[in-house]
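Take a look at the structure below.
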Amino acid sequence: MPQHTSEIEQFLTYLRFASISADAKMQPQVIDCGRWLRDKLTAIGLEAELAQTKGNPIVLARNQKKPGRPTVLIYGHYDVQPVDPLNLWRTPPFEPSIANGIVTARGASDNKGQTLSHIFGVEETLKREGDLPVNLIFLIEGEEEVGSQSLTDFLQSRRKELECDVVVISDSPMIAPGVPTLCYGLRGIQAIEITLHGPKQDLHSGMFGGAVLNPLTALVRLLSTLHRPDLSVAVDGFYDSVRPLQKWEHDGWKKLPYQEKDVKAITGVPALAGESGHTALERLWARPTAEINGLWGGYQGEGSKTVIPSTAHAKLSFRLVPDQEPEEIVKLVENHLRANLPESIQMEIEVGHGGAAYLTDPHDPWGKAAQNALRKAFDGKEPALIREGGSIPIVSDFKRILGADTLLLGLCLSDCNAHSPNETFPLENIELGKKLNRELLRELAAQAK
């Protein structure tokens, strides 16, 4: 656990902000959370600001820039996911509780606990040594959970002052408790929403059923065409540009302390399922997917209302891997859906947020420095080299706009319930994060010499 009670109290205060970026009613809480973070970074001795954007503000902080030192940008986000379904939370999501050294609250792992660990690490180094071994930039945004809508423009407009040698992010899990983990790849994402239109208004299902196609029936049948019986994606051209795994990855992943039985245990499913011919880790980290995230239409209330609804809706997302381009995937999916659409139904497609996959070489100089830091922070344990199935679209923008690669150093656990009720973060990982931050900044400074 953190050695200082004040750090625990600061963490709990940070978690009490209901900084849900997807809910416009929560924007005052989001802004207050950003202000708290700015004030915290100012208090530890950094020059901090709450930079305004078209959306939620970005917290920006830095130390004095000195020649001869590498510039390290640490990225995080202070916004959190919605809390629904609220009835499944054991304790109120914004009233953090502690049991057995584990904090439960929305945002505990994603991303407040992980980011704050780095802030505490910098604070401790400044107290002990009076300076940092690197030129440091903290960039902590308030829109990550809604696609980082303002951050790309912010990076472009302030590119010169944000130039850096490497980016550090702790917004991914460790492969297993106590196992140092370097993530060198992320899947990309493309979200879309489809709306099917049938009759001009809801119809009586007895008077018109059998003569008018139900949009909900059409939707279910249309969505069923996305996958083949072996659960591969049935969209023509979907796999054409998928980059295959390298042999060292294929062999290394078999030795990781996280395998199919662990995925099964965490998820609680009776059996795993997915594209045939690949292991669970390969499907999670290196194969693309098509997922139905939500579908709705018609009567949802108590009892029966026998209607043929006029519309039906579905939200879809596609996880992408290196060399797949989100814009191309949208075209392929739209072509597929329209080719399978009944003539009695009209369809609208709304393109949502997207981002390309990210992949870097964990054996390059920055990757080696990160692995050295992980070994020291975790008492000599060998780091696990992994990819991650989730997406952080802004990582590709860091590469495209700032020209910097990203080191992904997870500090939460795979069973932390991120995006779900009862999200958790172990307090001992704050200490691990502080130690990792100190070792990492030293290793990155040494690598640049």
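The values are calculated or read from the model by the stated rules, or taken from the named source; none is laboratory data. All values reported here derive from a predicted model rather than from experimental measurement. Using ideal geometry, Cβ is built from the backbone for each residue, glycine included, and neighbour counts are taken over all protein chains shown.
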Every residue from region 120-151 that is among the β-branched types (Val, Ile, Thr) and within 23 Å of Gly107 (Cα to Cα): Val122, Ile137, Ile140, Val146
Residue satisfying condition, being in the same structural domain as Leu136 (by TED's automatic domain parsing), buried (at least 18 other Cβ atoms within 10 Å of the Cβ) and more than 22 Å from the chain's Cα centre (by Cα), within set Ala61, Ala18, Ala51: Ala61
Members of region 166-200 that are surrounded by 20 or more Cβ atoms within 10 Å (Cβ to Cβ) and hydroxyl-bearing (Ser, Thr, Tyr): Ser170, Ser172, Thr181, Tyr184
In region 277-296, the residues that are of a type in the set (Phe, Trp, Tyr) and surrounded by fewer than 17 Cβ atoms within 10 Å (Cβ to Cβ): Trp296
Region 185-204 residues that are under 23 Å from Gly297 (Cα atoms), paired with ones that are surrounded by fewer than 17 Cβ atoms within 10 Å (Cβ to Cβ) and of a type in the set (Lys, Arg) (beta carbon under 8 Å, 6 or more apart): Ala191/Lys315; Ile192/Lys315; Glu193/Lys315
Any chance Pro326 is touching a residue at least 24 places away in the same chain (Cβ under 8 Å), over 19 Å from the mean Cα position of the chain (by Cα) and assigned by TED's automatic domain parsing to the domain that holds Gly210: no
Gly380, sole failed condition from (1) closer than 23 Å to Asp236 by Cα; (2) not assigned by TED's automatic domain parsing to the domain that holds Pro199: (1)
Where a residue in region 1-22 is among the charged types (D, E, K, R) and its partner, wherever it lies, is at pLDDT 95 or above and crowded, with 17+ Cβ neighbours inside 10 Å, with Cβ under 6 Å and at least six apart: Glu7/Phe120; Arg16/Phe94
Of residues in region 339-398 being among the basic types (Lys, Arg) and in contact with a helix residue (DSSP H, G or I) (Cβ under 6 Å, 6 or more places away or on another chain), the one surrounded by the most Cβ atoms within 10 Å (Cβ to Cβ): Arg387
Options Ala234, Ala211: the member that is in contact with a Lys or Arg (Cβ under 6 Å, 6 or more places away or on another chain) and closer than 30 Å to Ser310 by Cα: Ala234
Selection from region 98-149 of residues that are more than 18 Å from Ala51 (Cβ to Cβ) and either part of a strand (DSSP E or B) or not assigned by TED's automatic domain parsing to the domain that holds Glu9 (or both): Ile98, Ala99, Ile102, Val103, Thr104, Asn135
Hits in region 222-248 - residues which are of a type outside the set (A, V, I, L, M) and either touching an Asp or Glu at 6+ places or on another chain (Cβ under 6 Å) or in contact (Cβ under 8 Å) with a residue 60 or more places away in the chain (or both): Thr225, His227, Ser232, Asp236, Gly237, Phe238, Ser241, Arg243
Verdict on Leu73 being buried (at least 20 other Cβ atoms within 10 Å of the Cβ), in the same structural domain as Thr91 (by TED's automatic domain parsing), touching a residue at least 12 places away in the same chain (Cβ under 8 Å) and over 17 Å from Asp110 (Cα atoms): yes
Positions within region 249-282 being part of a helix (DSSP H, G or I) and either at positive phi or not acidic (Asp, Glu) (or both), in sequence order: His250, Gly252, Trp253, Lys261, Val263, Lys264, Ala265, Ile266, Thr267, Ala280, Leu281
Subset of region 219-242 (residues that are surrounded by fewer than 17 Cβ atoms within 10 Å (Cβ to Cβ) and either part of a helix (DSSP H, G or I) or charged (D, E, K, R) (or both)): Val220, Arg221, Ser224, Arg228, Asp230, Asp236, Asp240
Where Phe208 falls short, out of the listed (1) over 26 Å from the mean Cα position of the chain (by Cα); (2) hydrophobic (A, V, I, L, M, F, W, C); (3) buried (at least 17 other Cβ atoms within 10 Å of the Cβ): (3)
Residue ID - farthest from the chain's Cα centre (by Cα), chosen from residues in region 21-46 that are outside any helix (DSSP H, G or I) and under 25 Å from Leu126 (Cβ atoms): Gly45
